[in-house]
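Report on one structure; see the data block that follows.
The values are calculated or read from the model by the stated rules, or taken from the named source; none is laboratory data. If you're wondering where the values come from, they're calculated on a predicted model, not measured in any experiment. As a convention, Cβ positions derive from the backbone with ideal geometry for all residues, glycine included, and neighbour counts pool all protein chains shown. For accessibility, only protein heavy atoms count, side chains too; no ligands or nucleic acids. Shrake-Rupley method; radii C 1.70, N 1.55, O 1.52, S 1.80 Å.
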Amino acid sequence: MANTAEETKVNNQIIENLFNKCEASIKAFDNLIEKAKNLTKKKIVKDGSIDNALLEKEQFLCHGFSWLASYNFALREILNWAKNLEKNKKSFDLEKLILQSAFGEYLSQIIGGISMCQTEIIRAGDFGLTDEDINAFLIDEVKGLIKYGNTNDVRMQIAKHIVDNNYGNVGLEDETLEMIKDQFKKFSEDQVLPYAHEWHLKDELIPMEIIKQMADLGVFGLTIPEEFGGLGMKKIAMCVVTEELSRGYIGIGSIGTRAEIAAELIKLGGRDEQKKKWLPKIASGEILPTAVFSEPNTGSDLGSLKTRAVKEGNVYKITGNKTWITHGARTDIMTMMVRTNPNEKGYKGLSIILAEKPRGTDKEPFPAKGMSGSEIEVLGYRGMKEYEIAFDNFETKSENLLGSEEGKGFKQLMETVESARIQTAARAI
Ligand SMILES: Cc1cc2nc3c(=O)[nH]c(=O)nc-3n(C[C@H](O)[C@H](O)[C@H](O)COP(=O)(O)OP(=O)(O)OC[C@H]3O[C@@H](n4cnc5c(N)ncnc54)[C@H](O)[C@@H]3O)c2cc1C
């Protein structure tokens, strides 16, 4: 007979029969998600396919469903991680505590509400799930995990391990990745940690010597194919490296994001000559890229951005304002999203341009004609500096259009941000 929440036994904060309870909870979650999916589908599907107007109307629900599905996937994967450790006789107390804490938290949020952003919370009831559906999900195993999985005592126990420098076994099970992890852990401990706090307090750019060492270690070309001078590794290698670098300093872990965005944009959307020209230089760290998308009134809703690029002869003249541009000054190439077609107000009028610029310094951040700007001082996430940048007929060669056709920018970026998001998540250590 299954334990009730009251009967759930806990030994030194660890729930007994933890794996079985997690397994049963995933099944209950699968059933719930199937019901939520069908209810969501009913609201957005017309004549057998998703209707854009309905999708727009129901974006809260669809956004919520994607959160629910992500929680489902995340719990399944964290259980697989723990089971693999157990199979290889590597599961210890800390890893079990992490597992039950994740289940405890996520399962309770499914009922109590998932905070999708500061202003939006999705609850099971929002999908139209009935009391009966919710009660069917709240089996004893789920209740036990909600009650005992992520208590304050559990979190304190996890914190004690961390104080002892034990962060848990990530279970890479791959010699090369383990080696890379050790190498970057050492780099962070020796070259970053002793100095990072001072860089932060002084609001300084990360020293170029450090960036040079990172380039020599292959940080900027990790996932660039070997034929273009990179190491041709998978995204997991990028995550391992990013985690270790971010452990030292968030700015160090983030500097590779810009290279990742630029390289992925060029790899997926660039012409052959653009790949040959830029990828080896990005991989070697010879050039540093910056991502120039956001505008003063346009962040999430990038499709409506206004910065204009007008083609005149063999140049584009760019005019408009960009903001929150990380590492905007001390970089050599901007992956810029601009509007090339003013008659098309939405995403279809956008293009990406790989605009070269001279590298700036603290004294002279934007030594380029048609480009000016100033630093946005931030409390955290320092080391690269954020800038507001104004473009006034800034010129770049028309051959710098990414790919061979205007109007493809938004789609090119959407394909690319998948990998930038993974890298960004890996920084959150
Ligand atoms: C430290 C830092 C570094 C950055 N670096 C860069 C960079 O290098 N390059 C670059 O181009 N940009 C950069 N940005 C900008 C960043 O990409 C934007 O801040 C982000 O896209 C959000 O846009 P916004 O600030 O205009 O907020 P908004 O889009 O106005 O969002 C404000 C709030 O509204 C919510 N919201 C937005 N749309 C919806 C919706 N449809 N439904 C419900 N809620 C919604 C959001 O979740 C948020 O809580 C950086 C930002 C920061 C803070």
For the condition open to solvent by 20 Å² or more (accessible area, probe 1.4 Å) and more than 24 Å from Leu61 (Cα to Cα), what is the one hit in Glu105, Glu141?
Glu141
Among the residues of the stretch 306-322, which ones are within 16 Å of the ligand (Cβ to nearest atom), open to solvent by 50 Å² or more (accessible area, probe 1.4 Å) and in a loop (DSSP other than H, G, I, E, B)?
Lys306
Residues located in the stretch 9-64, provided they are within 23 Å of Arg123 (Cβ to Cβ), touching a residue at least 60 places away in the same chain (Cβ under 8 Å) and among the aliphatic types (A, V, I, L, M):
Ala24, Ala28, Leu32, Ala36, Leu39, Leu61
Return the only residue of Lys363, Lys317, Lys322 being among the charged types (D, E, K, R), modelled with pLDDT under 95 and in the same structural domain as Glu399 (by TED's automatic domain parsing).
Lys363
What are the residues in the stretch 380-400 that are touching a strand residue (DSSP E or B) at 6+ places or on another chain (Cβ under 6 Å) and either of a type in the set (Phe, Trp, Tyr) or buried (at least 22 other Cβ atoms within 10 Å of the Cβ) (or both), if any?
Met384, Lys385, Tyr387, Ile389, Phe391, Phe394, Thr396
A careful count of residues in the stretch 212-229 that are in a helix (DSSP H, G or I) and either surrounded by 19 or more Cβ atoms within 10 Å (Cβ to Cβ) or of a type in the set (Gly, Ala, Ser) (or both) gives 6
Expected output for the stretch 151-162 (first residue of a type in the set (S, T, N, Q), partner open to solvent by 90 Å² or more (accessible area, probe 1.4 Å), Cβ below 9 Å, 6+ apart or cross-chain) is Gln157/Asn12
Can you tell me which residue is farthest from the ligand (Cβ to nearest atom) among those in the stretch 284-298 that are open to solvent by 10 Å² or more (accessible area, probe 1.4 Å) and hydrophobic (A, V, I, L, M, F, W, C)?
Ile287
Every residue in the stretch 324-365 that is farther than 24 Å from Lys277 by Cβ and within 12 Å of the ligand (Cβ to nearest atom), please.
Trp324
